[in-house]
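Read the structure below first, then the notes.
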């Protein structure tokens, strides 16, 4: 079974609007971390936001927020006030405590911001 | 230099060539990783080094050979590759303190490899 599932291969959003990128995960480990990365066309993976499995509040970093619904095993990324520079691939990832160093990545969502 | 650097950024090689990819991290991290990224596929973790010791080898063919001489440098030696090995190879580092609450992975810009 896939550890991380991103069901939206491509998304479009109007500039200045908000957009939600979906991510669901599969784990039986009670302790895990969830991450979102942005990959522009240049190729570099850029860390955006982190949510720990025991965190009580949803993580926020500037225009990025993570809608963490633990019972549903979802960790959707919300980008508010989209900018043209937000156009990129977005990857959801998970790290389980018991597997130590291994990160699991989804297939990514391509976001295009329309002027 | 800051962060994670990778050289070369682009590499074209024939199937009989031998080449090496280099990764260097300037963040003082204790773990380094090699990933392969092919089109329309999730990132594939290839190798993990923790304190210079290899801790993961995800069934990677022997034509890929990693080397970690110290905690700041990581190499991927390539020989007799196949065209299907063409991909973006990403290096990452992180500081692992034993829990998922650890810091995120920091990635390098990647090496775009084309095997002819």
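Segment B:39-108 and segment A:30-82 have Cα centres lying 23 Å from one another. Note that segment B:18-87 shows a convex hull volume over its alpha carbon atoms of 92 Å³ per residue.
With the highest mean first, a sort of the peptides B:30-41, A:77-88 on other beta-carbon atoms found within 10 angstrom per residue produces B:30-41, A:77-88. When only alpha carbons of segment B:1-52 are considered, Rg and Dmax amount to 13.2, 36 Å. Quick one: Debye curve from the alpha-carbon atoms of chain A only, equal weights, vacuum; give me log10 I(q)/I(0) at q = 0.14 Å⁻¹ to two decimals. Ignoring solvent entirely, the Cα scatterers give -0.53. Model label points for residue B:116 and residue A:16, set 7 angstrom from Cα along the Cα-to-Cβ axis, are 5.0 nm apart. Sorted largest first, the spans of the alpha carbon positions of the protein assembly as shown along the three principal axes are 50, 41, 37 Å.
For the listed peptides B:90-97, A:69-76, a ranking on the average number of other beta carbons within 10 Å per residue, highest first, reads B:90-97, A:69-76. Relative to a virtual label point 7 Å from the Cα of residue A:57 in the Cα→beta-carbon direction, which members of segment A:66-88 show backbone nitrogen distances below 16 Å? Under 16 Å, as judged by backbone N against the label point of residue A:57, lie A:66-68 of segment A:66-88.
Any read-out appearing in this document is the output of simple, stated calculations on the displayed coordinates, not a laboratory observation. What you see is a predicted model, and the numbers here were worked out from it, not measured in a lab. Heads up, the Cβs are rebuilt from the backbone with ideal geometry, glycines too, and the neighbour counts pull from every protein chain shown.
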